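The next block holds one structure in the form of structure tokens; read it before the comments.
The values are calculated or read from the model by the stated rules, or taken from the named source; none is laboratory data. Keep in mind that this is a model prediction, so the values were computed, not measured. With ideal geometry, Cβ positions are generated from the backbone for all residues, glycine too; neighbour counts draw on all protein chains shown. When the accessible area is computed, the model is the full protein with side chains, heavy atoms only, and any ligands, DNA or RNA have been set aside. Shrake-Rupley method; radii C 1.70, N 1.55, O 1.52, S 1.80 Å.
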Amino acid sequence: MRDVEAYKTIKVPLWVYENAKEVELTLLRKGFSHIPPEVLQPQSCPICNSELKLTKGRNEYLHCDHCGYTQQFFEPAKGAPEGVMLGTAIGMGLVYFLNRLYRRVNGEK
Ligand SMILES: [Zn+2]
């Protein structure tokens, strides 16, 4: 499997950076309790609706063997760990966005 914990560099406009920092700080302050389970620990892939499998690295991840989608498995009980950083905040925001873009109604595929 690919090394999903490898780092990539991206360049974003200042407003995007500032919004990401705001999300990061709010996650650290409020924890994960207000974030829905389909974002923290989804059962199925938001893109193709296939089953997600748990894999381990330094963190735990959910991976779709069908389309390759991967996201971190977030433990809501732990709240926001000290390791939550800007990249995690951005990643969680993109999981929200993918859920919204591919939203299914009543089990639709
Ligand atoms: Zn998938």
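Some observations on this one:
Every residue, every condition in (1) part of a loop (DSSP other than H, G, I, E, B); (2) in contact with an Asp or Glu (Cβ under 9 Å, 6 or more places away or on another chain), yes or no:
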position: Arg2; (1), (2): yes, no
position: Lys8; (1), (2): yes, no
position: Asn19; (1), (2): no, no
position: Leu27; (1), (2): no, no
position: Ser33; (1), (2): yes, no
position: Val39; (1), (2): no, no
position: Pro46; (1), (2): yes, yes
position: Lys53; (1), (2): no, yes
position: Tyr61; (1), (2): no, yes
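- Evaluated against (1) in contact with a Leu (Cβ under 9 Å, 6 or more places away or on another chain); (2) free of Cβ contacts under 8 Å to residues at least 60 places away in the same chain; (3) within 16 Å of Leu94 (Cβ to Cβ), Pro76 falls short on exactly one condition, (3).
- Test: Cys45 is modelled with pLDDT of 90 or more and either on the phi > 0 side of the Ramachandran plot or within 13 Å of the chain's Cα centre (by Cα) (or both): yes
- For segment 17-40, the set of residues classified as within 16 Å of the ligand (Cβ to nearest atom) and either in contact with a strand residue (DSSP E or B) (Cβ under 8 Å, 6 or more places away or on another chain) or open to solvent by less than 20 Å² (accessible area, probe 1.4 Å) (or both) consists of Val39 only.
- Of everything listed in (1) without any contact (Cβ under 8 Å) to a residue 60 or more places away in the chain; (2) touching an Asp or Glu at 6+ places or on another chain (Cβ under 9 Å); (3) not in a loop (DSSP other than H, G, I, E, B), the single unmet condition for Ile90 is (1).
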